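Contents: one structure, followed by commentary.
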Amino acid sequence: MFAIRRKLSAMAFAALFAPCLIACDAPSKPNMTQKFELKNGALHASVSLPEGFVGQQSVENLLVFRLQYPSLKGRSPDDMPQADTVDVFLELASRTDSSERLVREALPEFDPTRPNRQYRLPNAAGAAQYTLYQHFSGRPPQQQVVLSYVFTAQDGALVAVEDPGSWTKNYVFTRRIGVDLHLKYLVAKDLGRDFIKIDGVVSQFAKSLIY
């Protein structure tokens, strides 16, 4: 009888801890439930979105989805934007990134004869980690001042964060996450101005979706 009980106890112990042994070795990456193929001529990329996300692909080379920051949970692009909303546009294209083009084409100083051209601003107090660029959008009296914060991310990518003006509640981030993969995302201004931290989180998450 004692031997039988010892055998049952061993079996119960194994049954109790077997799920834990399996789960502990499993990767922490969330379950991927939606797969998308981005195509642009000879270019191709595969993207997989986690459970709870809703992807929209109206053209072959562009995937749109929405997430919460900093939780990185999914939201539907059709829902009303919230204070923690990030709208993500992942594009496959063989072209110069807009952040790179901004730095390359910006004027060294403002030229009143070319008011719509980007120009570089002197370093501003409290923004030493960024290079600032500015241009004017539209015409008076509706003309808006558009300010861009540019920095080099930890992965070496050039990132531009544009504040289009007081008319919008979003900052616009643009950068690469691959040779031909361009990431653009809109971040609610309510989430603050720690652009380097925000980009580190969002861009790393976007990279994890590529397989």
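The values are calculated or read from the model by the stated rules, or taken from the named source; none is laboratory data. It should be emphasised that the depicted structure is a prediction, and the values quoted were computed from it without experimental measurement. Ideal geometry is used to build each Cβ from the backbone, glycine not excepted, and the neighbour counts take in all protein chains shown. Surface accessibility is based on the protein's heavy atoms, side chains included, excluding ligands, DNA and RNA. Shrake-Rupley method; radii C 1.70, N 1.55, O 1.52, S 1.80 Å.
Considering the range 71-109, and only residues there that are without any contact (Cβ under 8 Å) to a residue 40 or more places away in the chain and assigned to a strand (DSSP E or B), the residue that is farthest from Tyr171 (Cα to Cα) turns out to be Leu107.
Which ones in the range 36-80 are touching a Phe, Trp or Tyr at 6+ places or on another chain (Cβ under 9 Å) and hydroxyl-bearing (Ser, Thr, Tyr)? Hits for the range 36-80 are Ser46, Ser48, Ser76.
Filtering the range 33-67 to residues that are part of a strand (DSSP E or B), open to solvent by 40 Å² or more (accessible area, probe 1.4 Å) and under 24 Å from Ile198 (Cα atoms) leaves Gln56, Leu62. Looking across the range 181-211 at every residue that is open to solvent by 50 Å² or more (accessible area, probe 1.4 Å) and assigned to a loop (DSSP other than H, G, I, E, B), the one that is farthest from Ser98 (Cα to Cα) is identified as Tyr211.
Right, Asp78: within 21 Å of the chain's Cα centre (by Cα), among the charged types (D, E, K, R) and open to solvent by 30 Å² or more (accessible area, probe 1.4 Å) or not? Judged against the criteria, Asp78 is a match.
Look at the range 183-211: where a residue is more than 16 Å from Thr168 (Cβ to Cβ) and a partner is among the basic types (Lys, Arg) and buried (at least 16 other Cβ atoms within 10 Å of the Cβ), sitting 6+ places away or on another chain with Cβ atoms under 9 Å, you get Leu183/Arg175; Leu183/Arg176; Asp199/Arg175; Ser203/Arg175.
Those residues that are of a type in the set (Gly, Ala, Ser), surrounded by 13 or more Cβ atoms within 10 Å (Cβ to Cβ) and not in a strand (DSSP E or B), I need them from the range 141-170; list them, please. Scanning the range 141-170 gives Ala153, Ala157, Gly165. Between Ser99, Ser58, the distinction of being within 15 Å of the chain's Cα centre (by Cα), closer than 21 Å to Leu183 by Cα, polar (S, T, N, Q) and modelled with pLDDT of 95 or more belongs to Ser99 only.
Among the residues of the range 110-134, those that are open to solvent by 100 Å² or more (accessible area, probe 1.4 Å) and either small (Gly, Ala, Ser) or not in a loop (DSSP other than H, G, I, E, B) (or both) comprise Arg120, Ala125.
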